[in-house]
Amino acid sequence: EADEAWSGEVILNARVTVLPGAVLTLMPGTRVAFRRVDPHGYGLGVGELLILGGIRSLGLPHAPVVFESAEPTPAPGDWDKVSLISAESAENEFRYTVFRHGTQALHAHFSSFSAYRCLFEANLRAGQFQESEDARLEGCVFVGNKQALRFRDSIVSVRDSVFLGNLYALHVFRCELTFAGNILEGSSLGGFLARESTVRFLGNRLARNRDGVRMREEGTRAEVRGNRFGASAEGHLSLSRVEGVVEGNDFEAAGLDLVSLEDSAVRLEGNRFGPSGRDAVHLKGSASVDARGNYWGPGPIAARLHDRADDPALGEVSWDPPLNSAPMLELPRETW
């Protein structure tokens, strides 16, 4: 029940709880290691640090705090999570903290927290949040996780972070999300998926993902500005029943479509469309799209579109007048 500070090496075998009214502080260089305890035979460890009060994980660049497996041959799922459940403190923070080998390594429910310059690697799910009104991640790295982030019914900010080589990157449901200045690369099964959410997707760089960004379902509102999309195996940006704006983006080569739109009230303006395996803009519903004022590259523009000219049941892509030269695409950071 009292405040406590940890340092050095701490070995945990099961759940340890920080009770309401108490704050746990982890000093620079602390290693919290969980033994793999699997009483149910599910193939997953149950080790957990449960925060009902507050936590301050105060790593430094040269002395991070580390949460990881204690096993000699560690594997994802050896331990469960650091879990904030209705945590009393409004200032839970993780600075220069490493999360490895967890099932859902950092979990928050009805709790606020910040994660600054943290590393999440080799977890089954690096982060999961729900009903959390202030989840802030800045300058973090997510590498080699089965899924990097999954959250719902929350207000989340992810800025200046790197997602590299995860099977799935982000799944967002019924959230308000600002996703700005991030790198999203090498997601082999799924990139960014948002459903029934309000998303500000600003100044990000995406490359070598199976698919780039998908936003779905009525109620989704999207602001997609100043991003660079490159080398998606399938498509870069797919919107279905979404309202919003797609402006000032650079769509480089994609295996299929650069932009796919289904019954979406979206305006496209000031974008640069590169080569594509199929179409620059591919419509799938009856809603028409205003795509005037974009740069389409050399060649006939109509041949780069799939719309009413190809199928009378589809809407129309209005593209005239186009831009005659490629725009300079830079999004000032102060607009993020």
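The values are calculated or read from the model by the stated rules, or taken from the named source; none is laboratory data. What you see is a predicted model; the values in this text were computed from it and never measured. When we count neighbours, we look across all protein chains shown, and the Cβ atoms used for this are built from the backbone with ideal geometry, even at glycine. Quick note on the areas: whole protein, heavy atoms, side chains included, nothing else; ligands and nucleic acids left out. Shrake-Rupley method; radii C 1.70, N 1.55, O 1.52, S 1.80 Å.
Quick rundown of the values:
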{"item": "Accessible surface of the chain, 1.4 Å probe, proportion on carbon and sulfur as whole %", "result": "50 percent"}
{"item": "Accessible surface, segment 265-324, averaged per residue in Å² (probe 1.4 Å)", "result": "50 Å²"}
{"item": "Net charge of Cβ neighbours under 13 Å - reference V143; Lys, Arg +1; Asp, Glu -1", "result": "0"}
{"item": "Hull volume in cubic angstrom per residue (convex hull over the Cα atoms of segment 115-160)", "result": "56 Å³"}
{"item": "Rule-of-thumb Rg ratio for segment 248-336 [Cα; 2.2 N^0.38 Å; N residues]", "result": "1.07"}
{"item": "Rg(Cα)/(2.2 N^0.38 Å) for segment 137-214, N = residue count", "result": "0.96"}
{"item": "Listed candidates [x] 61, 43, 38; [y] 50, 47, 42; [z] 68, 36, 35 - label of the one calculated as Cα extents along the principal axes in Å", "result": "[z]"}
{"item": "Euclidean distance between Cα centres, segment 239-313 to segment 51-65, Å", "result": "45 Å"}
{"item": "Residue-normalised accessible area of segment 1-124, given per residue in Å² at a 1.4 Å probe", "result": "43 Å²"}
{"item": "log10 of Debye I(q)/I(0), alpha-carbon scatterers only, for segment 1-129 at 0.12, 0.18, 0.21, 0.22 Å⁻¹", "result": "-0.38, -0.90, -1.25, -1.37"}
{"item": "Stokes-Einstein D for segment 10-52, Kirkwood Rh over Cα pairs, 25 °C, 0.890 mPa s (µm²/s)", "result": "209 µm²/s"}
